[in-house]
Amino acid sequence: MIGEERLPRMRWLSTWTTRRWLRVGAALSLAVLAVLGVTGAWVLQRTQTISTDLVDVRSPALSTAFRLESAVLNQETGIRGYGLTGEPAFIAPYQQGLTDQDAQTTRLADLLKDDAPALDDLADVRRAISTWQEEIARPVAASPPGAPSPAAAALAARGKEAFDDVRAQLSSQQDRLRADRTRARDDLMSTLTLRNWVFGAIAILIVVLVTLVFEGLRRGINRPLERLGADARVIAGGDFGHPITATGPADLRRLSGEIDLMRRRLVRELAFTEQARLHLDAQAADLQRSNTELEQFAYVASHDLQEPLRKVSSFTQLLQRRYGGQLDAKADQYIEFAVDGANRMQTLINDLLDFSRVGRLHHAHKEVDLDKVLEQTLATLSVGIEEAGARITHDPLPDVVADPTQMGMLWQNLIGNAVKFRHPGREPHIHITAEREGPLWRFAVTDNGIGIAPEFAEKVFLIFQRLHTKDAYSGSGIGLAMCKKIVEFHGGTITVDPDHRDGTRITFTLAPEPPQLPGPPTVPEAIHAGQEQPR
C-alpha cells in the first residue's frame, strides 16, 4: 500500500520542470533563510535591549544610589558636627549634601522612570530623608553659630532613629538595584549564549541548505546535462545509432527526446542522402565519361577535319588561280565562295581546337607577372594596333598564380576585340585597370568603341555567337567565350559593365591562388600537342 501511495507522488514529481524545481527550491530556501533571519534579528535585538538596559540604566542607577547615600551621609555628618560645636564650617558639607541629593534623586528618577518598583523605593528614600531633614537637620541648622545647639542634644535619640530609617531605605533601594543589575547581567549572558547557539544553527543550516542546493543542481541538472552532452559527443563522433537517454526534470527529458528524435530523423536523412549521393556519383561518373568522350570526339573530329579541309581549300584555290577569268562571272563567284567558305571553316576549326585546349593542355600554374604578359601581348598585336592608331594604357598590374599561356590568350582576345570593334569616328583608346576586391583581383578593360547593347551582355560570351555580320567584322565569335572559359578556369567571373557608356567595359576577376586543378586529361598527349594521329 505504501509503494502504491508513493508511485502517484513520484509520477507527479516527475512532471516538474527545471524552472519549477528551481522555483520551489528557491522559495523553500528563502523561507528557511527568512525564519533564520527573523530569529537572528530577534536574538540580536534582545541582546541589544538587555545590554542597553544594563549599561545605560541598571549600572548607572546603582552608582547614582551610592552617590545619593554619600550625599545624605555628608548632610548627617555636617549637622552632627554643627550641633555639637556650633562651628559654621560644618554647615558647608550639609548644604553641599543637599545640592548633591537633589541632583542624584533627579537622575535616579530619570533612570528608573520605566521601573515602578524602583520608583517606589526612591519615593520611600525621599520620604525618609525628608522626615529626617524636617525633624532633625533643619532645626539644628537653624541654631545660631558659635555655641553647641540645644536642639541637637534634645533631638539626639530621635535623630538617630530617623537617620537609621534613612539608612534602611537606602540599603533596601541599593539591594533592589543590585538585584536588578545582577538579573540583567544574567539575562544578558543567557541571551548571548542563545545568540551564539542561534547563529551557530543558522550557519549549520546555511551550509546544509547550500549543500542540498548544489547536490540538487548536480543530480537534477548537471548530471543529466553531462549525460546528454556525452551522448551528443558520441553521436557527433559518427555513431548516429547511439540512443540518447532521457534523465532529469521534465523539460530536460523533453529536450533529450527532441534531440533523439532529431538524431533518428538525421539517420533517415543520412540514409536517403547516402543513396542520393551514390546515385549522383554514378550519374557524375556517367556524365564525366560522356563529357570526356564528347571532348575527345570534338577534338579528334576537329583535328581529322583539317586534312580534307586543306584539300578542299587547296583545290578551290588552285581552281581560282588556274581558271580565274577563263569562265564566266558566275563561275568565278562560285569559286570565290568556295575558297572563302573553306578558309572560314579552317578558322572555325582552329578556334574550336584552341577553345578545347583551355584547361586541358595549358594548366601549368605558376606566378605570372601580368605586366610582362601584357607587354608580350601588345607586341604580338602591334601590327593591328598601329594600323588602327590605337592608344593603350594600363595601371600597374599584380602578380597572380595562373597559366601564362592562358593569360596571354585572355589579354589577346580582350585587346584584339577592343581594337577590332573601334568607333569609326574617334581614335581608339583602351585602358586596363586592376584593384583588390576582397580575396580577388578585379580587372577592367575599357575602350571607346562601338559598345555592346545591354540585352546582348550575356549572349556575347556564348561560343560562335556574333552580333555583326562577317562582312562588317571578321572573326568566328569565339573570342569572348574563350575569355569566359579562361577566367572561370582560374576561379573568377567575367561580365560586361552595363552602366558604362561611350564604349565597352569588360570586367573580370582572378583569384591570387589557383583553384583546384582538374584531373589529368583523357585525350592522348600527342593529340593535345596538335600532332596528327596515325591513320
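We did not get these values from a lab; they are worked out from the coordinates using the rules stated. What you are looking at is a predicted structure, and each value in this text was computed from that prediction instead of being measured. FYI the Cβ positions are ideal-geometry reconstructions off the backbone, even for glycines, and counts take in every protein chain you see.
Using only the alpha-carbon atoms of segment 361-408 as identical scatterers, what base-10 log of I(q)/I(0) does the Debye formula give at q = 0.13 Å⁻¹? Treating every Cα as an identical point scatterer, log10 I(q)/I(0) equals -0.35.
So for each of 148-160, 19-31 I average, over its residues, the number of other beta carbons within 10 Å; can you give me the resulting order with the highest mean first? Don't skip to the answer; put the middle values down first.
On the way: 148-160: 15.3, 19-31: 13.1.
Per-residue Cβ counts within 10 Å, averaged per peptide and sorted highest first, yield 148-160, 19-31.
Put the Cα centre of segment 221-296 next to the Cα centre of segment 74-121 and the gap is 104 Å.
At full extension, R185 and F199 could sit 3.0 nm farther apart than now, given 0.36 nm per residue minus the alpha carbon distance. Please grab the % of Cα pairs in segment 195-264 that end up more than 22 Å from each other. In whole percent, the share of Cα-Cα pairs in segment 195-264 beyond 22 Å is 42.
Which value, in Å to one decimal place, does the Kirkwood hydrodynamic radius take for segment 151-202 when every pair of different Cα atoms is included? Before the final figure, lay out each step's value.
Details: mean 1/r = 0.0693 Å⁻¹.
When all Cα pairs of segment 151-202 are included, the Kirkwood radius is 14.4 Å.
Placing a pseudo-label 7 Å from each Cα along the Cα-to-Cβ vector at I463 and T245 gives an inter-label distance of 6.3 nm. Near I430, the amide H atoms lying under 5 Å from its own belong to R391, I392, T393; only residues 5 or more places off or on other chains count, and H is placed 1.01 Å from N.
Hey, what's the Cα Rg ratio for segment 59-165 versus the globular rule of thumb, 2.2 N^0.38 Å?
Rg over 2.2 N^0.38 Å, computed on Cα atoms: 1.13.
Computed from the C-beta positions of A154 and R126 and an R0 of 22 Å, the FRET efficiency is 0.30 to the nearest 0.05.
Per-residue packing, averaged as other Cβ atoms within 10 Å, sorts the ranges 447-453, 494-500 into the order 447-453, 494-500, beginning with the highest. Backbone geometry of segment 436-442 corresponds, through the Karplus equation with coefficients 6.51, -1.76 and 1.60 at θ = phi - 60°, to 3J(HN,Hα) couplings of 7, 9, x, x, 10, 9, 9 Hz, x marking Gly and Pro. Highest-first packing order for the peptide set 126-136, 388-398 is 126-136, 388-398, based on the mean count of other beta carbon atoms within 10 Å.
For V368, the residues whose amide H sits under 5 Å from its own are V400, V401, A402, ignoring neighbours fewer than 5 places away on the same chain, with H placed 1.01 Å from N. Taking θ as phi - 60° and the Karplus parameters 6.51, -1.76 and 1.60, the scalar couplings of segment 446-452 work out to 10, 10, 10, x, 6, x, 10 Hz in sequence order, x denoting glycine and proline. Convex hull volume of the Cα atoms of segment 99-243, normalised per residue: 159 Å³.
Taking the alpha carbon gyration tensor of segment 109-192, what are the square roots of 5 times its eigenvalues, largest first, to the nearest whole Å? Working shown, then result.
Details: eigenvalues 290, 28, 19 Å².
Semi-axes from the Cα gyration tensor: 38, 12, 10 Å.
Taking amide H positions as modeled 1.01 Å from N, with prolines and chain starts lacking one, the residues under 5 Å from G86 and 5 or more places away or on another chain are S149.
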